[in-house]
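A short reminder: the numbers here are calculations on the coordinates, not readings from a lab. The model shown is predicted, which means the values in this text are computed figures rather than measured ones.
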């Protein structure tokens, strides 16, 4: 479920992507800024469209999450290095 917050002349869209192994909620955010000259109705309609699009991208895993290098390195060795079967340096 997405949450939209108006911030000045832009909007912040937040989507919950579940919880990690430690029970901490994973939240993805994006900012959408309407183009100048859009009417209130156009802004509302495009904001709805952007919200649905961002929510779908998050649920498919296409949005890159912020990750610490240590976690990235462990994941890389587990998912790529061990599967490739090439010798490690």
Restricting to Cα pairs under 8 Å and 6 or more apart, the percent relative contact order of the chain works out to 21
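Quick check: residue separation of residue 5 and residue 46 times 0.36 nm, minus the Cα distance between them. What number comes out in nm? Please report the intermediate quantities before stating the final value.
Details: separation 41, 0.36 × 41 = 14.76 nm, distance 1.45 nm.
This chain segment gains 13.3 nm when fully extended.
With runs of 4+ DSSP H residues as the only contributors, calculate the mean residue ellipticity of the chain at 222 nm using -39,500 (n - 2.57) per run, divided by the residue total and rounded to the nearest 500. Show your work: numbers first, answer last.
Details: 2 runs with 29 residues, N = 89.
Estimated from H runs of four or more residues: -10500 deg cm²/dmol.
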Rounded to the nearest 10 degrees, the helix 40-60 long axis (Cα) sits at an angle to the longest Cα principal axis of the chain of 10
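Counting each pair of different Cα atoms once, what's the Kirkwood radius of the chain in Å, rounded to one decimal? Present the calculation step by step, with values, prior to reporting the outcome.
On the way: mean 1/r = 0.0636 Å⁻¹.
Result for the chain stands at 15.7 Å.
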If each part is reduced to its alpha-carbon centroid, the range 1-24 and the range 26-40 end up apart, in Å, by 13
